[in-house]
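One structure is given here, and the rest of the page talks about it.
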Amino acid sequence: MATIPLIHGHDAGAALAYRDGRTITAGRFLEEASQLPVLLPDRGHVINLCADRYRFAVGFAAALLRRQVSLLPPNETADTIERIVSAYPGVYCLSDRDETPVPATLELVRFPSQLTGESTRRPVPALPEAQAAAVVFTSGSTGEPVPYSRTWGNLVRVASPGIDPPGLRSRPGIALLGTVPQQHVFGLEATVMVVLQGGFAMHACRPFYPTDIRSALASLPRPRGLVTSPLHLRILLEDADGLPPAD
């Protein structure tokens, strides 16, 4: 059975994420992704609502290693979550927030406040291409969340267009700031999978307001890039002189 590594292009000491001016290495990511699965319930599906992009990535990797499928809702409205819960009996929710808008009937697992240590020796796990990895949802014409299943191999393959055409391979280790939610298919592909498979790094936060976006972008080392929406981009370019340079 063909397999694909969980991450590609990272040395153990290479940056995989940045948070609050601190570097999180690929070795730490692998260590945390290997520790978290034993803390998760023995279920088939998990709704990953982690707001921190790095913790989302750790939770996503841990679910893969536990052979659990991550359910990624298009929004966090009560109606959307309840519809998903009813369609996937036994699902639980992983969150890094004290207040998470989920039904009382949904088991909520808190992302650990601290996972221990950093490894320079842990091997990179490989996952079967055909393994079910995620179900992303889009809103249909009736507003009903429409599920689209993704295998691990599919997610890796769709990440390639986000690496090659923009020329990111010529900027090894580039740090990417995303303003798009990692639970959306574009956010998952362009800010998580591209980082894991491209040897790049992510900013852990997801800023919304222009001032916060500029500040977060300025905090990243160069080379750096911005993954955003047309609306955010238009607002940012209204004051292009105040936008930190991006590569």
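The values are calculated or read from the model by the stated rules, or taken from the named source; none is laboratory data. Keep in mind that what you see is a predicted model, and the values were worked out from it rather than measured. Here Cβ is always computed from backbone atoms with ideal geometry, including for glycine, and neighbour counts include all displayed protein chains. Note: accessible area is taken over every heavy atom of the protein model, side chains too, but ligands, DNA and RNA are not part of it. Shrake-Rupley method; radii C 1.70, N 1.55, O 1.52, S 1.80 Å.
From the gyration tensor of the Cα coordinates in region 4-75, what semi-axes in whole Å does the equivalent ellipsoid have, largest first, with each one equal to sqrt(5λ)?
Values: eigenvalues 95, 44, 22 Å².
For region 4-75, the semi-axes come out at 22, 15, 11 Å.
Rounded to a whole number, what % of the accessible area of region 1-131 do carbon and sulfur atoms account for, probe 1.4 Å?
Details: 2950 of 6140 Å².
Carbon with sulfur: 48 percent of the solvent-accessible area.
Find out how many positive minus negative residues lie around Ile174, taking Lys and Arg as positive, Asp and Glu as negative, among other residues whose Cβ is under 13 Å from that of Ile174. Please list the in-between numbers first.
Values: positive: Arg169, Arg171, Arg222, Arg224; negative: Asp247.
In short, +3.
How much net charge surrounds Ser86 when only the other residues with a Cβ under 12 Å from the Cβ of Ser86 are counted, with Lys and Arg +1 and Asp and Glu -1?
Values: positive: Arg83; negative: Asp79, Glu82, Glu144.
With Lys, Arg at +1 and Asp, Glu at -1, the net is -2.
Evaluate 2.2 N^0.38 Å with N set to the residue count of region 1-147, then give the Cα radius of gyration divided by it. Please report the intermediate quantities before stating the final value.
Working: Rg = 16.0 Å, N = 147, 2.2 N^0.38 = 14.7 Å.
The value comes to 1.09.
Distance from a point 7 Å along Cα→Cβ of Thr23 to each backbone N in region 187-205: keep the residues under 20 Å and list them by number.
195-205
First measure r as the distance between the Cβ atoms of Ser170 and Ala104, then evaluate 1/(1 + (r/R0)^6) with R0 = 35 Å and state the FRET efficiency to the nearest 0.05. Numbers along the way, then the final one.
Working: r = 50 Å, r/R0 = 1.44.
E between Ser170 and Ala104, to the nearest 0.05, is 0.10.
Is there a quick way to get the dipole size of region 138-224? I mean about its Cα centre, with the Cβ of Lys and Arg at +1 and of Asp and Glu at -1; what is the value in debye to the nearest 20?
Working: 8 positive and 4 negative charges, 69 e Å.
Charge dipole, region 138-224, about its Cα centre: 340 debye, nearest 20.
Let me know the longest stretch in the chain that avoids all GluC sites (Glu not before Pro) found in a DSSP loop with at most 13 other C-beta atoms within 10 Å.
Details: sites that count: Glu99, Glu238.
It works out to 100-237.
Where only protein heavy atoms count, and the probe is 1.4 Å, what is the accessible area per residue for the chain in Å²?
On the way: 11430 Å² over 247 residues.
Accessible area per residue: 46 Å².
What are the ³J(HN,Hα) couplings of region 102-107, residue after residue, when phi is run through the Karplus curve with 6.51, -1.76, 1.60 and θ = phi - 60°? Round to Hz, x for glycine and proline.
Karplus values, whole Hz, x for Gly and Pro: 10, x, 5, 7, 8, 5.
Determine the principal axes of the Cα atoms in region 181-247, then give the extent along each, sorted from largest to smallest and rounded to whole angstroms.
Principal extents (largest minus smallest coordinate, Cα): 33, 24, 17 Å.
Just how many % of Cα pairs in the chain lie over 22 Å apart, if you round to the nearest whole percent?
53
What residues qualify as long-range amide H neighbours of Val227, i.e. H under 5 Å apart, gap of 5 or more or another chain, H built at 1.01 Å from N?
Leu177, Gly178, Thr179
Given a cut-off of 27 Å, what percent of all Cα-Cα pairs of region 109-247 lie beyond it?
For region 109-247, the share of Cα pairs beyond 27 Å comes to 31 percent.
Can you give the local net charge around Val194? Use residues other than it whose beta-carbon is closer than 15 angstrom to its beta-carbon, Lys and Arg +1, Asp and Glu -1.
On the way: positive: Arg53, Arg150, Arg157, Arg169, Arg171, Arg224; negative: Asp164, Glu189, Asp247.
Net local charge, Val194 excluded: +3.
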